[in-house]
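Participant: First, the structure itself, so that you have it in front of you.
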Amino acid sequence: MEMELWYTEKQTPALGLSLKVKETLLHRRTAYQEIAVLDTLQCGRMLVLDGMVQTSVADEFFYHEMITHVPLRTHPAPCSVLVIGGGDGGVVREISRYPQVEKITLVEIDAGVVEAARRYLPEISYALDDPRLEIVYQDGREYIFAQKDAFDVVIVDSTEPVAIAEGLFGTPFYQGVFHALKEGGVLVAQTESPLYNRDLLRATFQRISAIFPRTFLYLCPVPTYPSGLWSFTLATKIHSPLEPAGDYLPAGLRYYSPEIHCGSFALPPFVREMLEMGIGLEHHNLLSEK
Ligand code: AG3
């Protein structure tokens, strides 16, 4: 009789996501974190960092398309793009679809994530071979402070704000990003679940909107992430994502479309209220433009 193996991420102390596992392809500890790649029956290969599901072959496209195409099409002419975190290569793959992008920089703290993705997740990581890409193995927080006026778009594809990623959710880091961005620059950061991470989401939105002239929140589903509903905070120096300026739309996308782009900024009342509670009505225009 075959033994059944299941992996459970405890998304809250009282709720878990369980997947039946065919095979554990990798399980190792690096200097930074515990890395696992599991082959699951439901979602195919899945990357798990410190016990938290980062991406699966079955549903990575929701997150990777939305964290990339929304900012890249908000900027009228993205040439130089920085990704912080993102060692699995999913965001780099989406950026590499744009012919006008000349330079992609990936700043990942843990070379172990890049190695794992190259070896076990080729459909997510293949663009790590794009000749326009430079990979820097460094803490994104240290890296950003040395950059001035260098990028059109910065994408923060981090893990949860614990341990190594904590510094990527603080005011000094976002100030660094502001200075690293060129004049028409756009920042996007993954900001967790609006259901399970309310305080973090509110605090992060508040920090970013205290630095950038314009700050927006958008949502998309990610079936394997806690609560299944995910948020992204997008901030700009000039442009509005509600009127996307980019005229290039990559072919073959599976979740992103121009209609989804605009629709994703429509916030359910419980999310709007949550943010308004934190930022006070004087900054409320940031949420209600148009
Ligand atoms: N980064 C955000 C993953 C957060 C998931 N949280 C969790 N499972 N508790 C994803 C990186 C993908 N490139």
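Participant: Could you list all residues from segment 60-103 that are in contact with an Asp or Glu (Cβ under 9 Å, 6 or more places away or on another chain) and of a type in the set (S, T, N, Q)?
Facilitator: Thr68, Thr74, Ser80, Ser96
Participant: I've got another one for you. Pairs under 6 Å by beta carbon, first residue under 18 Å from Gly246 (Cα atoms) in segment 73-89, partner modelled with pLDDT of 95 or more and of a type in the set (Gly, Ala, Ser), six or more apart or different chains?
Facilitator: none
Participant: So in segment 249-273, with the set limited to residues that are free of Cβ contacts under 8 Å to residues at least 60 places away in the same chain and in contact with a strand residue (DSSP E or B) (Cβ under 7 Å, 6 or more places away or on another chain), which one is farthest from Ile95 (Cα to Cα)?
Facilitator: Residue satisfying both the conditions and the ranking: Leu267.
Participant: From the list Ala266, Ala245, Ala251, exactly one residue is assigned by TED's automatic domain parsing to the domain that holds Pro99, assigned to a loop (DSSP other than H, G, I, E, B), at pLDDT below 95 and surrounded by fewer than 18 Cβ atoms within 10 Å (Cβ to Cβ). Which is it?
Facilitator: Just one listed residue meets the conditions, Ala245.
Participant: Output the number of the condition that Arg214 fails; it satisfies all remaining conditions of (1) of a type in the set (D, E, K, R); (2) within 16 Å of the ligand (Cβ to nearest atom); (3) over 19 Å from Leu82 (Cα atoms).
Facilitator: It is condition (2) that Arg214 fails.
Participant: Just to verify a result, which residue in segment 201-221, among those that are surrounded by fewer than 19 Cβ atoms within 10 Å (Cβ to Cβ) and among the small types (Gly, Ala, Ser), is nearest to the chain's Cα centre (by Cα)?
Facilitator: Ranking the qualifying residues of segment 201-221, first place goes to Ala203.
Participant: In segment 1-36, what residues are away from the ligand (no atom under 13 Å from the Cβ), polar (S, T, N, Q) and within 20 Å of Glu108 (Cβ to Cβ)?
Facilitator: Answer for segment 1-36, where residues must be away from the ligand (no atom under 13 Å from the Cβ), polar (S, T, N, Q) and within 20 Å of Glu108 (Cβ to Cβ): just Thr30.
Participant: Need a quick list: helices (runs of 4 or more DSSP H) entirely within segment 62-147 having at least 2 residues that are closer than 28 Å to Leu25 by Cβ. First the steps, then the outcome.
Facilitator: Numbers: elements: 90-95, 111-120, 122-125, 140-145.
It comes to 90-95, 111-120, 122-125.
Participant: Could you pull out the residue among Leu187, Leu168, Leu200 that is within 19 Å of Glu9 (Cβ to Cβ) and hydrophobic (A, V, I, L, M, F, W, C)?
Facilitator: Leu200
Participant: Here's something else I'd like to know. Please pick out the residue among Ser158, Ser80, Ser96 that is surrounded by 19 or more Cβ atoms within 10 Å (Cβ to Cβ) and farther than 22 Å from Asn197 by Cβ.
Facilitator: Ser96
Participant: Moving on. Looking at Glu160, Glu192, which one is in contact with a helix residue (DSSP H, G or I) (Cβ under 8 Å, 6 or more places away or on another chain), within 16 Å of the ligand (Cβ to nearest atom) and not polar (S, T, N, Q)?
Facilitator: None of the others qualify; the one that does is Glu192.
Participant: Restricting attention to segment 131-152, and to residues there that are away from the ligand (no atom under 16 Å from the Cβ) and of a type in the set (A, V, I, L, M, F, W, C), which single residue is nearest to Leu106 (Cα to Cα)?
Facilitator: Val136
The values are calculated or read from the model by the stated rules, or taken from the named source; none is laboratory data. Note that this is a predicted model, so its numbers are computed, not measured. Using ideal geometry, Cβ is built from the backbone for each residue, glycine included, and neighbour counts are taken over all protein chains shown.
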